[in-house]
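*Asks:* Provided herewith is a single structure, encoded as structure tokens, for subsequent inquiry.
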Amino acid sequence: MLVAAAVCPCPPLLVPAVAAGAAAELDAARAACADAIGVLAAARPDRLIVVGPAEQSGRGPHPQGTTGTFEGFGVDAAVQLGSGEAKDGGLPVSLAVAAWLLERARWAGPVEGLGVGEPLAPERCFEVGSELAVQAERVALLVMGDASACRTLKAPGYLDERAEPFDAEVARALGAADLPALKALDAELAYELKAAGRAPWQVLAGAAEGADLSGTLLYDEAPYGVGYLVAAWS
């Protein structure tokens, strides 16, 4: 059963080595992510599963020890998902960011990763979540994913007036652990707004069915015109 979840954004800029001189701009987001992961640790799960957006080649599953890199962003920085023997598996960027967050938190428990495709149908997301929730007696999820990338004129997806209300509803739903609202997210609209977190959030909604968790929204900002949300469920 799902006993806790943390929702974090997954821009490589969360990793200071990637952000370089701009690293301080996301200090508050990093602090919120650390708080959310602290909620996971306090739940003492038997297994932590990291879920994040990925291209076809990076969907995994990725066992504990799988390595990743930020070389594609011009930085010679490697990460590993959890402790133990390293396994060269090529973590997708979202899971590499998660691995960095977990290393920073000194996560010591069992962990594995799963990438999900952005176009994955909502119904399949719910099924995947249900399957993850029964993999151990006490399961926790670290759910990676950004909200819309269309909040400003300089955003990666340019300005779309639908972006802010979409992000506001996602933030409200994550903060309230509102499963029906997360399940009702419009996959086509999310795709148009470049909200790569839609599928992982709907996996979370499937996993949390019947778990009766409550949520707290820890961060809700849109630096660089991209919505970054952090929430903790327990």
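The values are calculated or read from the model by the stated rules, or taken from the named source; none is laboratory data. None of these values were measured; they are calculated from a predicted model. Don't worry about glycine lacking a Cβ; one is built from the backbone with ideal geometry, like all the others, and counts go over all protein chains shown. Quick note on the areas: whole protein, heavy atoms, side chains included, nothing else; ligands and nucleic acids left out. Shrake-Rupley method; radii C 1.70, N 1.55, O 1.52, S 1.80 Å.
*Asks:* May I ask you to list the residues in segment 121-165 that are among the charged types (D, E, K, R), over 16 Å from PRO200 (Cα atoms) and touching a Gly at 6+ places or on another chain (Cβ under 7 Å)?
*Replies:* ARG151, LYS154, listed by residue number.
*Asks:* I would also like to ask the following. So which helices (runs of 4 or more DSSP H) stay within segment 179-231 end to end and still have 3 or more residues that are within 14 Å of the chain's Cα centre (by Cα)?
*Replies:* It comes to 198-207.
*Asks:* Right, another one. Answer yes if at least one residue in segment 191-211 is over 30 Å from GLN135 (Cβ atoms), at pLDDT 95 or above, open to solvent by 20 Å² or more (accessible area, probe 1.4 Å) and of a type outside the set (Lys, Arg), and no otherwise.
*Replies:* Yes: one or more hits.
*Asks:* I want to confirm something. Restricting to segment 92-107 and keeping residues that are assigned to a loop (DSSP other than H, G, I, E, B) and not aromatic (Phe, Trp, Tyr), which single residue is surrounded by the fewest Cβ atoms within 10 Å (Cβ to Cβ)?
*Replies:* ARG106
*Asks:* Sticking with this structure for a sec: So, in segment 108-152, how many residues would count as being open to solvent by 80 Å² or more (accessible area, probe 1.4 Å) and either at pLDDT below 95 or within 16 Å of the chain's Cα centre (by Cα) (or both)?
*Replies:* 2
*Asks:* List pairs: first residue in segment 135-149 and on the phi > 0 side of the Ramachandran plot, second residue part of a loop (DSSP other than H, G, I, E, B) and of a type outside the set (Lys, Arg) anywhere in the structure, Cβ distance under 9 angstrom, at least six positions apart or on different chains.
*Replies:* Within 9 Å, the pairs are GLY145/PRO9; GLY145/CYS10; GLY145/ALA195; GLY145/ALA196; GLY145/GLY197.
*Asks:* Name the single residue that is nearest to ALA36 (Cα to Cα) among those in segment 110-154 being small (Gly, Ala, Ser) and assigned to a loop (DSSP other than H, G, I, E, B).
*Replies:* GLY145
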